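Q: One structure is given below, represented as structure tokens, and several questions about it will come after.
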Amino acid sequence: MAIVAELRDRDVPIRDIAVVARDLDSYEQSLFRAAIQYGIAPVFWRQLYVTRTRPYALVESVCEALDADELDRRTLLRPLEHRWAPSNAPSDDWPVDPATLYRVKHALPQGARPTEEWIEVLETIDDADARFTTFVEWLADVPEPNPETVTSVLGDVVEAYADHGLAVTRESDSPALLDTETDARAVVRGRTLVQQLRHKFADRLQEETLERSWGDVADLANVIATQRPGRREHSNARALDILEANDVWMLDVQYVIAVGMTADEWPRATESVVPPEFQEVVLRGDDDTSKLAPRTAWTDGRDRDQFLDVFRAAGTGVILTRHTQTVDGDDVHSSPFLDHLDLQTVAESHRQQLLSTNRELPPEIQDFLEERAEATANE
């Protein structure tokens, strides 16, 4: 991250820099801490697990409440816990704060009852918040599900969250706005989910493979949400992109910094029930094994492709970094992919200077900036 910080100090736009790791699971926490240390807001390109997000939990809880003939207080209030708000609600009044939720929840009686009875119960509670009545009356007025009502009802739920719930996340977020980034991505996916639900629900009703119930809508939403076709749906133009190697093929930036260029990461050994000795025989194609097709994962072809993608993505320069020891002091060897490259190695003294309080880019990286400046001047 010292390299990124120094490039930024030399007026390199943050969108012209990207950091690449073979697998973010091993590096995300370390890279996040380093980025914050240098005052950089990182964005990690990872698959968004929609079912673990608050907007999805809100949609799911609304469907659960609408599907129940009788609701206990937990099921009744769960949408409010996930920041339900009515459409066109005043910003200052919604969502209901956790303290009020806790107070009213414990004032409600135990036991399940129909929605209409909950309205009557709320009227008998002293100092009951009117927003709870607004919500329960909304539940009672929601019609039976069909493709059109699914879109209108759940679409309003997601949009209200975007208007009111997202602001709560932003207020309590860190300067890097990582939670806000995830929440905003989840809102985008929630909108897409609602549109997909309309068409899928119509198809399933026509095929008679499900019933016309909000419970089946929730089940169908789960099926759609657990399919993760993409990586990042929300962009943060002020943040540093940190990607896995699998996503580099679509990248086009000036400077790419690849971390973890070790023998364990590039290439990465794939676990298999087939013994390595037999894999080698199949790969050689000797005798009868020539009729067998080896798995792609048995070779380093995929790793090589992703390694080359790192270079293709960079318009000006690639910076390859690695650690030389584990935390236990064991030596770590460099990636064999580096053996075939004509590399400029940064001297240890220059590396230490980069990490010092008087930070300075190594001469080899400064050459990148000069080449970029010359190329820009000639355009």
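Q: Give me F132, F368 sorted ascending by neighbouring Cβ count inside 10 Å, so fewest comes first.
A: Starting with the residue having the fewest Cβ neighbours, the order is F368, F132.
Q: Hey, rough spin-label estimate for A202 and D69, points 7 angstrom out along Cα→Cβ, what's it come to in nanometres?
A: 3.1 nm
Q: So if R0 is 30 Å, what FRET efficiency would S334 and R33 give, r being the distance between their Cβ atoms, rounded to the nearest 0.05?
A: Plugging the Cβ-Cβ distance into 1/(1 + (r/R0)^6) gives 0.80.
Q: Using the basic label-point model (7 angstrom from Cα toward the beta carbon), what is the D23 to D179 distance in nanometres?
A: 2.9 nm
Q: Let me ask something else about it. Starting from the Cα-Cα distance between D342 and D219, subtract it from 0.36 nm times their residue separation and give me the gain in nm to one decimal.
A: 38.8 nm
Q: Positive end of the dipole of the range 51-225, charges at C-beta (+1 Lys, Arg; -1 Asp, Glu), about the Cα centre: which of L193, V157, T133 has its Cα farthest in that direction?
A: Going by the Cα projections, it comes out as L193.
Q: Determine the relative contact order of the range 51-225: mean sequence separation of Cα pairs under 8 Å and six or more apart, normalised by residue count, in whole percent.
A: Once divided by the residue count of the range 51-225, the mean separation gives 30 percent.
Q: Give the peptides 97-110, 133-146, 320-333, 153-166 in descending order of average Cβ contacts within 10 Å, highest first.
A: 153-166, 133-146, 97-110, 320-333
Q: Let me ask another. Using R₀ = 56 Å, calculate the FRET efficiency as 1/(1 + (r/R₀)^6) where r is the Cβ-Cβ separation of R15 and A112; round to 0.05.
A: 0.60
Q: Right, next: What does the extension gain come out to for D156 and D97, with contour length at 0.36 nm per residue minus their alpha carbon separation?
A: Taking 0.36 nm per residue and subtracting the Cα distance, the gain is 19.2 nm.
Q: Still on this model: Between Rg and the Kirkwood Rh of the range 51-225, both from Cα atoms, what is the Rg to Rh ratio?
A: So for the range 51-225, dividing Rg by the Kirkwood Rh gives 0.97.
Q: Arranged from highest to lowest average of other beta-carbon atoms within 10 Å per residue, in what order do the peptides 81-90, 257-266 appear?
A: By packing density, highest mean first, the sequence is 257-266, 81-90.
Each value in this text was obtained by applying a stated rule to the coordinates, not by laboratory testing. Being a predicted model, the structure only gives us computed values, none of them experimental. All Cβ positions, glycine included, derive from the backbone under ideal geometry; neighbour counts span all protein chains shown.
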